[in-house]
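K.L.:
Shown below is the structure under consideration.
The values are calculated or read from the model by the stated rules, or taken from the named source; none is laboratory data. In this text the structure is predicted, and so the values were computed from the model without any measurement. FYI the Cβ positions are ideal-geometry reconstructions off the backbone, even for glycines, and counts take in every protein chain you see. Surface accessibility is based on the protein's heavy atoms, side chains included, excluding ligands, DNA and RNA. Shrake-Rupley method; radii C 1.70, N 1.55, O 1.52, S 1.80 Å.
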Amino acid sequence: MFYLASSLTRLYRFMPATERILHIHNMVSPQKAHSTIAFIGGGNMAEAIIGGLVSSGHPSSSISFSDLAQERRDYMKTKYPSIKSSADNLDVVADAEVVILAVKPQVLHNVISGIAPALLAKKPLVISIVAGIAAASINRWIGGGESAIVRCMPNTPALVGEGAAGLYATPAVNEAQMGLAEKIVNAISKQTIWVDSESQIDTVTAISGSGPAYFFLIMEAMENAGVEAGLSKEDAKALTIQTCLGAAKIAQNSDEELATLRRKVTSPKGTTEAAINAMEDGKIRNVMASAVQAAQKRSHELAEIFGEQ
Ligand SMILES: NC(=O)c1ccc[n+]([C@@H]2O[C@H](COP(=O)([O-])OP(=O)(O)OC[C@H]3O[C@@H](n4cnc5c(N)ncnc54)[C@H](OP(=O)(O)O)[C@@H]3O)[C@@H](O)[C@H]2O)c1
């Protein structure tokens, strides 16, 4: 089984996007067009995934969620009236083919202990978007052998439909379940990658998980520099944000390396070159490398802390 999961990961890595979508479609659709999906925790991330699923055509009647907070359930009910909701986690897990764990890390052990009998009886695919909790801990808390678990690390741009996510499948996950997990995550992610080893989820966390904050910091510094150089705060902010978006769009629409794109907009002895030289003198590459290493290390440490609960 491990071979199947890891060979699919490798296959996907080299498969063009169109073939990959067809492959997933062929794996998922023959049995049933839409799986029943239950979310444990109806917070921000669950809402983003539910929104993405519904707008991609997944029927609301096949989606359910549980959340302890009445206010949250009422809010979701006004947004998605056909979605079943409950205060009882067991209620939604009972009929689910896919269970998505979307609560905070500190409550996950308790949550799983409460639904473990239903998970063991029904054996759904379990997708955890919970940061920092290893699949081995989830498996141990469920008990009873090897459960099919996919760990997913999404990021906050998922809330505006521009997410990036990394996925890891345990050996018990079969091909159809991998396809299903990817289809669900693609509802909030425009770039979804599979990693071969779970430790690489820490790296995904350090790049795309924590990454939005790196760009906010860079934009904040650029806005401040613009103000110091004489622009109004409003103008400096507007120019900074649009420049960041424009650069990202050029990079996304081009097949060229990022370094090539940078060189192309850097004329010899021009203004951009002067700026880039100043950034290189300030060791910006070392700063970014240290930032990514620090996040990766912290992600690993948090997994150890939460996993010991
Ligand atoms: N937001 C992100 O960008 C992001 C990125 C990557 C990973 N994640 C992970 O995604 C998970 C969810 O994040 P989020 O931002 O959606 O959090 P959130 O908005 O706090 O959602 C979690 C929801 O679960 C509810 N809840 C708490 N205990 C529960 C229980 N025992 N049974 C059922 N529901 C319960 C919470 O209610 P109360 O508020 O009343 O406690 C809350 O409504 C987290 O583990 C986080 O690490 C988030």
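K.L.:
Ordering Lys269, Lys104 by how much accessible area each has at a 1.4 Å probe, largest first, what is the list?
P.N.:
Listed by decreasing accessible area, they come as Lys269, Lys104.
K.L.:
Put His34, His58 in order of accessible area, largest first, 1.4 Å probe: what do you get?
P.N.:
Largest to smallest exposure gives the sequence His34, His58.
K.L.:
If you roll a 1.4 Å probe over the heavy atoms of the protein chains, what accessible area per residue do you get for segment 139-294, in Å²?
P.N.:
Numbers: 9090 Å² over 156 residues.
Result: 58 Å² per residue.
K.L.:
Right, here's the next one. What distance in nm separates the two pseudo spin-label positions at Ile218 and Ser60, each 7 Å out from Cα along the beta-carbon direction?
P.N.:
4.0 nm
K.L.:
With every protein chain in place, what's the accessible area of Ser60 (1.4 Å probe, Å², nearest 10)?
P.N.:
So the heavy atoms of Ser60 present about 30 Å² to solvent.
K.L.:
Report, in listed order, any pair from Lys183/Lys249; Lys249/Lys269; Lys183/Lys264; Lys233/Lys297; Lys183/Lys283; Lys79/Lys183 with a Cα-Cα distance greater than 29 Å.
P.N.:
Going by Cα-Cα distance, Lys183/Lys264; Lys233/Lys297; Lys183/Lys283 fall outside the 29 Å limit.
K.L.:
Still on this structure, I have one more. For the chain, what does the helix formula give at 222 nm: sum of -39500 (n - 2.57) over DSSP H segments with n ≥ 4, over the residue count, nearest 500 deg cm²/dmol?
P.N.:
-18000 deg cm²/dmol
K.L.:
In segment 113-247, what % of DSSP beta bridges are antiparallel (nearest 5)?
P.N.:
Expressed as a percentage, antiparallel bridges in segment 113-247 total about 35.
K.L.:
Out of all DSSP beta bridges in the chain, what portion is antiparallel? Express it as a percent rounded to 5.
P.N.:
Working: 4 of 27 bridges.
The answer is about 15 percent antiparallel.
K.L.:
Under the Karplus relation 6.51 cos²θ - 1.76 cosθ + 1.60, θ = phi - 60°, what is the ordered set of whole-Hz ³J(HN,Hα) values for segment 196-209, x standing for Gly and Pro?
P.N.:
Those phi angles translate into 7, 10, 5, 4, 6, 5, 5, 6, 4, 4, 6, 9, 8, x Hz.
K.L.:
Using a 1.4 angstrom probe on the protein heavy atoms only, could you order Thr260, Thr240 from most to least accessible area?
P.N.:
Thr260, Thr240
K.L.:
A further question on this structure: Over the chain, what per residue volume does the convex hull of the Cα atoms give, in whole Å³?
P.N.:
Working: hull volume 47.4 nm³, N = 309.
Convex hull of Cα atoms, per residue: 154 Å³.
K.L.:
Quick one: Cα centre-to-centre distance for segment 222-236 and segment 242-309, in angstrom?
P.N.:
Centre-to-centre distance over Cα atoms comes out at 22 Å.
K.L.:
Oh, and also: Can you give the accessible area of Asp281, probe radius 1.4 Å, in Å² rounded to 10?
P.N.:
Counting only protein heavy atoms, the figure is 120 Å².
K.L.:
To the nearest 10 square angstrom, what accessible area does Ser232 show with a 1.4 Å probe?
P.N.:
Per-residue accessible area (Ser232): approximately 50 Å².
K.L.:
How much of the accessible area of the chain, in percent, comes from carbon and sulfur atoms when a 1.4 Å probe is used?
P.N.:
Working: 10020 of 16750 Å².
Carbon with sulfur: 60 percent of the solvent-accessible area.
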